[in-house]
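The values are calculated or read from the model by the stated rules, or taken from the named source; none is laboratory data. Computed from a predicted structure; not experimentally measured. Virtual Cβ from ideal backbone geometry, glycine too; neighbours counted across all protein chains shown. Protein only, heavy atoms only, side chains kept; ligands, DNA and RNA dropped before computing areas. Shrake-Rupley method; radii C 1.70, N 1.55, O 1.52, S 1.80 Å.
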Amino acid sequence: AGLTALAAIAVLAFGAGTAAGTVIESTFYSGTDSFSFDDCGFTLNVESEFSGHFVLRADKGGQAFYAKDNFSHRDVLTNADTGRWFVIRGNGLFNEIKATLVSGNIYEFVAIEAGQPFVIEDSAGNIIVRDRGVIRTTTLFDTLGDGVPGGEFIEETHLSVHGPHPGFAEDFPFCEIAAELTG
């Protein structure tokens, strides 16, 4: 579960532009978290810090809700056996920029993630891996027609990755990098 949490932190979606609509929520947030995981065959202890600004807008009809999240995070991963550590950090902007009614309560959402959402640095501050650029996704979503944020994800219909995003690859060698940096 720990590696999954790191992937979620790294992949948190991020973009540019602004969707029309009425702001129904605008929240600044920050926090910390601590956890451990052993998905790589050795235990990594993680100390996390995160912050951001989240905005939620409603379309004129009150059925489609656009999220915008300007975020940053910094995670220090320490090998429990060696005490050696590295950092995963990032900052970016996730922005749902468009929602088009398809039929009934089904909307097609376009979202953009921009920035540097995933950077690995060694303990000396040298960059080992850096994702940067723009990821654009198009998804179908059932809003349920209840005028409340949320609903049901149906499917991703398009994904476009611009810029280097090595951490986004299915075969990204996270465990090998973690072992090299902390072994």
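Mind listing the phi-derived Karplus ³J(HN,Hα) values for segment 147-156, rounded to whole Hz, using 6.51, -1.76 and 1.60 with θ = phi - 60°, and x for any glycine or proline?
Result, rounded to whole Hz: x, 10, x, x, x, 10, 5, 9, 6, 8.
For segment 87-137, restrict the atom set to alpha-carbon positions and state the Rg and Dmax in Å.
16.1, 54
Once phi is turned into θ = phi - 60°, what whole-Hz ³J(HN,Hα) does the Karplus curve with 6.51, -1.76 and 1.60 give for every residue of segment 113-118, x standing for Gly and Pro?
With the stated coefficients, segment 113-118 comes to 10, 10, x, 10, x, 8 Hz.
Please report the accessible area of SER30 (heavy atoms, 1.4 Å probe, ligands and nucleic acids excluded) in Å², nearest 10.
Counting only protein heavy atoms, SER30 exposes about 90 Å² to solvent.
Mind listing the long-range amide H neighbours of ILE97? Cut-off is under 5 Å, sequence gap 5 or more, other chains count too, H placed in the peptide plane at 1.01 Å from N.
VAL110, ALA111, ILE112
I need the Kirkwood Rh of the chain: take the reciprocal of the average 1/r across all distinct C-alpha pairs and report it in angstrom.
About 17.6 Å for the chain.
Rg and Dmax in Å for segment 133-180, alpha carbons only: what are they?
16.5, 51
Specify which residue in the list PHE50, PRO164, GLY61 is farthest towards the positive end of the charge dipole of the chain, using unit charges on the beta carbon of Lys, Arg (+1) and Asp, Glu (-1), about the Cα centre.
Selected residue: GLY61.
Counting only protein heavy atoms, what percent of the accessible surface of the chain is carbon or sulfur at a 1.4 Å probe?
52 percent
With θ set to phi - 60°, apply the Karplus curve 6.51 cos²θ - 1.76 cosθ + 1.60 along segment 140-146 and write out the HN-Hα couplings as whole Hz, x wherever there is a Gly or Pro.
Karplus values, whole Hz, x for Gly and Pro: 9, 9, 8, 7, 6, x, 9.
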